[in-house]
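The values are calculated or read from the model by the stated rules, or taken from the named source; none is laboratory data. Fair warning: this is a prediction, and the values are worked out from it, not measured in the lab. No Cβ is skipped: glycine too gets one built from the backbone with ideal geometry, and neighbour counts run over all protein chains shown.
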Amino acid sequence: MTTLRATTAANPWIRRFHPPARPDTAPVLVVLPHAGGSASYYFPLSRDLAAHAEVLTVQYPGRQERLSEPSPDTIAGLVDGVEDALAPWRERPLVLFGHSMGAVLAYELTRRLEASGAAPRGLILSGRRSPLVPRHDDLHTLDDDALLAHVRALSGTDTTLLADPELQAMILPALRSDYHAVGTYRHEPGPPLRTPVSVLCGESDPRAAVPEAMAWRELTEGAFTFRGFPGGHFYLAERHEAVTSAIADDLKAFMTGSH
């Protein structure tokens, strides 16, 4: 079902599930998953956006075929891995998309790319409040049962998987590392982004209320767009077609400079 180019398969951080329809002119959409998430969760997004971009989905260590690898437990450590893995595509027009924890990674990676003179064409932030919105986030300190209950409540993982003790043991180390990364992340003041930003969120998301998501506006001097969708933290699964259409519109706008 999945065919990867040799250049993609050579780096464990990157998965390319679908070849782009326009390989010579397509932008590169880099998808950064949520805490505890894997690249395969975003397979449908890759499939339906292949007509608009070359979709590269990040696979963090500690899950699926990278299960034996320890996962970095800081945002900086995760950004290091993604930044290095994207080196072959740095000359291409990049657009970063991150959901939840992935939004924080996408934002921090954009800051690095801008500082190095290789700014992406656009940044799409999903399901995450602005880092300027203070909130005590200590979910990584919960015991196993409480942490799994939190994940179930967000509906980001199949609850039948979470009920299996063997699968729990496989999932928990990476989940804890990711939640530690998010829970210990502190925004360092710096210049606002120049990159245009599009923010997407579920209108009933307990982790990112609409005003909290809209506060990303304060972190860029570039164009800013906000869209809310019916649903909770994983609205992007509930509203897949609408979200795919919104991202396709963003890609077109970023590439034409009309955002």
>> Could you tell me how many of the residues in the range 17-45 are assigned to a loop (DSSP other than H, G, I, E, B), touching a residue at least 40 places away in the same chain (Cβ under 8 Å) and under 23 Å from G183 (Cβ atoms)?
In response: 5
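Could you tell me which of the residues S177, S126, S130, S198 is under 21 Å from P61 (Cα atoms), of a type in the set (S, T, N, Q) and surrounded by 19 or more Cβ atoms within 10 Å (Cβ to Cβ)?
Numbers: S126 fails: under 21 Å from P61 (Cα atoms); S130 fails: under 21 Å from P61 (Cα atoms); S198 fails: under 21 Å from P61 (Cα atoms).
Sole residue among the options that is under 21 Å from P61 (Cα atoms), of a type in the set (S, T, N, Q) and surrounded by 19 or more Cβ atoms within 10 Å (Cβ to Cβ): S177.
Yes or no, residue by residue, for (1) within 25 Å of T25 (Cα to Cα); (2) in contact with a Lys or Arg (Cβ under 9 Å, 6 or more places away or on another chain):
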site	(1), (2)
P206	no, no
T220	no, yes
R227	no, no
A246	yes, yes
F254	yes, yes
>> Of everything in the range 183-213, what is of a type in the set (V, I, T) and in a loop (DSSP other than H, G, I, E, B)? Give them in sequence order.
In response: T195
>> Can you report the number of residues in the range 27-66 which are closer than 17 Å to I124 by Cα and either charged (D, E, K, R) or in contact with a Cys (Cβ under 7 Å, 6 or more places away or on another chain) (or both)?
In response: 2
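Filtering the range 46-84 down to residues that are of a type outside the set (G, A, S), assigned to a loop (DSSP other than H, G, I, E, B) and free of Cβ contacts under 8 Å to residues at least 60 places away in the same chain, which residue is nearest to I14 (Cα to Cα)?
Among residues in the range 46-84 that are of a type outside the set (G, A, S), assigned to a loop (DSSP other than H, G, I, E, B) and free of Cβ contacts under 8 Å to residues at least 60 places away in the same chain, the one nearest to I14 (Cα to Cα) is Q59.
Residue by residue, here is whether (1) modelled with pLDDT of 95 or more; (2) out of contact with any Asp or Glu (no Cβ under 8 Å at 6 or more places or on another chain); (3) surrounded by fewer than 16 Cβ atoms within 10 Å (Cβ to Cβ); (4) under 18 Å from F17 (Cβ atoms) holds:
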site: Y60; (1), (2), (3), (4): yes, no, no, yes
site: G77; (1), (2), (3), (4): yes, yes, yes, no
site: V82; (1), (2), (3), (4): yes, yes, no, yes
site: G102; (1), (2), (3), (4): yes, yes, no, yes
